[in-house]
Amino acid sequence: MKNFGHGIPVTVLSGYLGAGKTTMINHLLRNANGQKLAVLVNEFGDLPIDEDLIEASDDEVISIAGGCICCSFGSDLSAALLQLDAMNRSLDHILIEASGVARPEAIMGSVGLVNGVSPDGIVILVDAETIQKAARDKYMSDTILAQLQAADLLILNKVDLVTKDQAGVISTWLASLNENAPIIPVTHSKVAPDIVLGHFIQRVYAKGAHQDVGGLSTLTLLPKHNIDVNELAQTLAKDYPNIVRAKGFATNKSGQKILIQVVGSRFDASIVSKDLPDGIVCLGLGETLRMQHFKRLFHLLKLNEASQKLEFDI
Amino acid sequence: MVQTSIFRAKKIITMNPNQPETTHVAVRDGRILGTGTLEELAIWGDYTLDDTFHDKVLMPGLVEGHAHVMAGTLWRHVYCGYFDRLDPDGNIWHGTKTITGVIELLQVAESKLKDPYMPLTGWQLDPIYMDNKRITRDDLDQVSPKRPVGVLHASGHILNVNSKALELAGLLKLGVNHPGIPLGPDGLPTGELYGPDAMGPVSTHVGFDRASMEGDADGLRAFSKMCVRSGVTTVTDLAARLTEESVDKMLEVTELPTFPARIVPLRVFMGASAKDTIDLVLSLKDRSTDRLRLGRIKAVADGSIQGFSARMRWPGYLNGAPNGLWYTSPAQLAELYRLALANGIQVHTHTNGDEATEMVLDTFATALNEVPIVDHRFTLQHCQLADAAQFRRMKNMDMCVNLFANHHFYWGDEHYRLTVGPERANRMNACHTALEMGVPMAIHSDAPITPLGPLFTAWCAVNRLTVSGRIQGEGEKISVQDALYAITLGAAYTLHLDSEIGSIEIGKKADFAVLEHDPTDISGENLKDIKIWGTVQGGRIFEARNL
């Protein structure tokens, strides 16, 4: 069930200095829920891992509670990814912390070239309090704007430090830069791990799953057979910013089983050999996944609204 | 018993204003005991008169302030450059003028390889001079369909590979989606790989393994031979990783009595925090020897102008290309500069575009105000597009500059019509302005990007000719005297080594460039044609012919 023959999913995490990347990485490690994460950092010096999480460390690898690890990739990311693959640690997810001047889409491009791993999504962390000033910086402006535009998911951090009105203004501004990426407001970098790592689907399929960070809802679509699966994936990614993630199976017009994966505005639809039941689980924030929002989607895909499931707080 | 040798030469150009020219130099313990007439030097007691250089001209050993040891290691691969080039063993490799010629060259090299799996690698391809014709994997499959074949471009930022190399890297497949990997009509990669991200997964399969290249004994030896052939006695390796193993190896190789050069490797600021980098360099500093000078840092602010990755101020690139990339953020540089100043560590910073230069000047100004250290000699490397106002700021902050004079010759025409346009192309590598504003200045080759050879570099700065034969930026020409200063004391100053090298005077290292012609006597346009007999390094004689 894990990766359906795909490589280990890779998330590129970026954001300018002070956005809260370090705090977020520690939060994800503390709430990994049995998932084995590998965190790849650009440099070991400003280690993003809280000391109480570290079990052991040598020059190459830092071992973290729960089977997670942290490595530095220096100037050669592809070599570091190949090395991770070779370690054979049955990793569930790789998180690359990109430097503040990196072009995250270029990093994701490199990820796509390495066997054994596959691009999952670009997550850009934004400091609600300082982003607009930073985006006007004499030297960093275009770099920061390019990062925001490259995002599949925008995590709007530190929303407690601005007023509700200000948060609204920033969200509108972010949406004007990147209309497809869902904007997820959080405080203290505490983003639901499901949003970044996307392992909710296993729990949904396993039933009776436990949710560690509340405020999420899922919608399970049961598409008809023989639909245009590409169109479905694209629609979920581009037309529904409320859907932060989606994953599942559908059968295309040629009768092939397709794995659909959506991370914010990014989507992937690829043929899988296993015969699994059709069904796509969509993850949204709070109660944003309301039936009426999806009427157009149901209509587009000739689905019967009554047959769809809507669950809150999975 | 102390041994004193007195060398007699046709002429000795000392770069010491108190005695600019002389005929004899006395050497003891690898250092200069004095210069003058034989009578003046005899006062030091017994000596052996060495007449080896009676018909030669001696200059201070030349100092190359921006090169890479890789210039030596690359020669184990096939030279595919457009221009004639001298290899470490003194053979001239003729430039190859067409793509067909390059393929034939590689075919010949291929036929000599015995191991059927060994990769075949070429370097220094520059299609700019071949109507920008592109090479595909089909072209390189003609060299060999069975072994991996790769050719690195002169810029170092593009790699051409054959089908086998793509296959080994797992990229000979449909669905590759990367901006640096163009696809052919068949949906498969064409074999052109643009930028380090795209090159990375393939380069090891075609024999470019950066990790193993550093501290490679044969490569270092080849590099040092190139130094002798170009009159260089002190040379930088301007972006080394300096791992434990590579430093051990470099110490071992440079310590050999036959090693003819002083290597100054700078630890690159990449992949480690500012604090860790400073700590590493501080610990390395103590391991320095006479011929391996550790303890300096190289930072990189932006990319290259011809690669459109340099950071440009308004109005940006001539062709409207988007602004380039920051390789290091202002915040990281600020931290590095503060810590480096506080710990007495010198930093050289690569800037190509004028916005990168501006950013470094701003960032350094803040750091220097916080940690006001005198005589830091922080140096801007390349700094190709700086204008007069920026040179004034450098002067005000006691910074140095090392300008890329060779670049002007090789790619000046491209900059004129394609990247930045006439006005900025004319002021590129503005040596005259730098000197006029009083900025301590060196000039460099960035070997292997362009050939190692400070006298050629001096020629470039004096004449400002481009490949097509145009004079580009008449007003930025400098005198022969200024150019000779830049490749000796000028470069030594940027390395804090001017008290030891850069001129022929009492107390300094006995480092000489041994020339067949007098650079002050032939006119500036002939500087590049001066024949070099070899060098004297630390009193040891190295004849290029007998290396």
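The values are calculated or read from the model by the stated rules, or taken from the named source; none is laboratory data. Note that the coordinates shown come from a computational prediction; the quantities given were computed from them, not determined experimentally. Don't worry about glycine lacking a Cβ; one is built from the backbone with ideal geometry, like all the others, and counts go over all protein chains shown.
So the values come out like this:
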| item | result |
| --- | --- |
| Subset of the range B:145-156 [under 12 Å from B:SER203 (Cβ atoms) and either part of a helix (DSSP H, G or I) or not small (Gly, Ala, Ser) (or both)] | B:PRO148, B:VAL151, B:LEU152 |
| Qualifying positions in the range B:415-444 - within 28 Å of B:ASN319 (Cβ to Cβ), of a type outside the set (A, V, I, L, M) and out of contact with any helix residue (DSSP H, G or I) (no Cβ under 6 Å at 6 or more places or on another chain) | B:ARG417, B:THR419, B:GLY421, B:GLU423, B:ARG424, B:ASN426, B:ARG427, B:HIS444 |
| Residues within the range B:331-348 that are within 14 Å of another protein chain (Cβ to nearest Cβ) and modelled with pLDDT of 95 or more, tallied | 5 |
| Residue count for the range A:84-97, restricted to those that are at pLDDT 90 or above and either more than 16 Å from the chain's Cα centre (by Cα) or in a loop (DSSP other than H, G, I, E, B) (or both) | 2 |
| Matching residues, the range B:291-316, being away from chain A (no Cβ under 13 Å) and assigned to a loop (DSSP other than H, G, I, E, B) | B:ARG291, B:ARG293, B:LEU294, B:GLY295, B:SER304, B:ILE305, B:GLN306, B:GLY307, B:PHE308, B:ALA310, B:PRO315 |
| Output for the range A:75-91, where each listed residue is over 16 Å from B:GLY200 (Cβ atoms) and either surrounded by 15 or more Cβ atoms within 10 Å (Cβ to Cβ) or touching a residue at least 40 places away in the same chain (Cβ under 8 Å) (or both) | A:ARG89, A:SER90, A:LEU91 |
| Candidate set: the range A:102-131, residues that are over 30 Å from B:PRO201 (Cβ atoms) and either modelled with pLDDT under 95 or in a loop (DSSP other than H, G, I, E, B) (or both); chosen: the one farthest from the other protein chains (Cβ to nearest Cβ) | A:ALA128 |
| Filtered residue count, the range B:350-375, keeping only those that are touching a Leu at 6+ places or on another chain (Cβ under 7 Å), farther than 19 Å from B:ALA321 by Cβ and part of a loop (DSSP other than H, G, I, E, B) | 2 |
| Residue in the range B:272-290 that is nearest to the other protein chains (Cβ to nearest Cβ), counting only those that are touching a residue at least 60 places away in the same chain (Cβ under 8 Å) and crowded, with 21+ Cβ neighbours inside 10 Å | B:ALA274 |
| Looking only at the range A:147-167, and only at residues there that are touching a residue at least 40 places away in the same chain (Cβ under 8 Å) and not in a strand (DSSP E or B), the one that is nearest to A:VAL186 (Cα to Cα) | A:LYS158 |
| Evaluation of A:LYS21 against (1) modelled with pLDDT under 90; (2) in contact with a Gly (Cβ under 7 Å, 6 or more places away or on another chain); (3) within 14 Å of another protein chain (Cβ to nearest Cβ) (one fails), failing number | (1) |
| Set B:VAL235, B:VAL253: member being under 24 Å from B:TYR493 (Cα atoms), outside the structural domain of B:ALA165 (by TED's automatic domain parsing) and of a type in the set (A, V, I, L, M, F, W, C) | B:VAL235 |
| The range B:243-271 - residue that is surrounded by 23 or more Cβ atoms within 10 Å (Cβ to Cβ) and assigned to a loop (DSSP other than H, G, I, E, B) and, of those, nearest to the other protein chains (Cβ to nearest Cβ) | B:PHE269 |
| Tally of residues being loosely packed, with under 12 Cβ neighbours inside 10 Å and part of a loop (DSSP other than H, G, I, E, B) across the range B:90-117 | 6 |
| Residue satisfying all of: in the range B:143-159; closer than 18 Å to B:LEU106 by Cα and in contact with a Ser or Thr (Cβ under 8 Å, 6 or more places away or on another chain); nearest to the other protein chains (Cβ to nearest Cβ) among these | B:LEU159 |
| Qualifying position, being of a type in the set (Gly, Ala, Ser), farther than 26 Å from B:PRO322 by Cα and away from every other protein chain (no Cβ under 14 Å), among A:GLY66, A:GLY7, A:GLY74 | A:GLY66 |
| Test: residue in the range B:221-228 that is polar (S, T, N, Q), more than 14 Å from chain A (Cβ to nearest Cβ), touching a residue at least 60 places away in the same chain (Cβ under 8 Å) and touching a His at 6+ places or on another chain (Cβ under 8 Å) | no |
| Near pairs, Cβ below 8 angstrom, 6+ apart or cross-chain, from the range B:122-150 (free of Cβ contacts under 8 Å to residues at least 12 places away in the same chain and in the same structural domain as B:TYR416 (by TED's automatic domain parsing)) to any residue that is assigned to a loop (DSSP other than H, G, I, E, B) and buried (at least 17 other Cβ atoms within 10 Å of the Cβ) | none |
| Any hit, the range B:364-384, residues being modelled with pLDDT of 95 or more, within 12 Å of another protein chain (Cβ to nearest Cβ) and within 23 Å of B:SER273 (Cα to Cα) | no |
| Looking only at the range B:164-188, and only at residues there that are buried (at least 22 other Cβ atoms within 10 Å of the Cβ) and either in a helix (DSSP H, G or I) or touching a strand residue (DSSP E or B) at 6+ places or on another chain (Cβ under 6 Å) (or both), the one that is farthest from the other protein chains (Cβ to nearest Cβ) | B:LYS164 |
| Index of the failed condition, B:ASP50 passing every other in (1) charged (D, E, K, R); (2) touching a strand residue (DSSP E or B) at 6+ places or on another chain (Cβ under 9 Å); (3) closer than 27 Å to B:ILE443 by Cα | (3) |
| Condition met for A:ILE49 (assigned to a loop (DSSP other than H, G, I, E, B) and either surrounded by fewer than 23 Cβ atoms within 10 Å (Cβ to Cβ) or not β-branched (Val, Ile, Thr) (or both)) | yes |
| One residue from A:LEU259, A:LEU276, A:LEU232 being crowded, with 22+ Cβ neighbours inside 10 Å and not in a strand (DSSP E or B) | A:LEU232 |
| Count of the range B:17-67 residues which are assigned to a loop (DSSP other than H, G, I, E, B) and of a type in the set (A, V, I, L, M, F, W, C) | 2 |
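Here is a yes/no grid of residues against (1) touching a residue at least 12 places away in the same chain (Cβ under 8 Å); (2) among the aliphatic types (A, V, I, L, M); (3) buried (at least 19 other Cβ atoms within 10 Å of the Cβ); (4) over 17 Å from A:ASP137 (Cα atoms):
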| site | (1), (2), (3), (4) |
| --- | --- |
| B:LEU339 | yes, yes, yes, yes |
| B:ASN343 | yes, no, no, yes |
| B:GLN346 | yes, no, yes, yes |
| B:THR349 | yes, no, yes, yes |
| B:ASN352 | yes, no, yes, yes |
| B:GLU355 | yes, no, yes, no |
| B:GLU358 | yes, no, yes, no |
| B:ALA365 | yes, yes, no, yes |
| B:ARG377 | yes, no, no, yes |
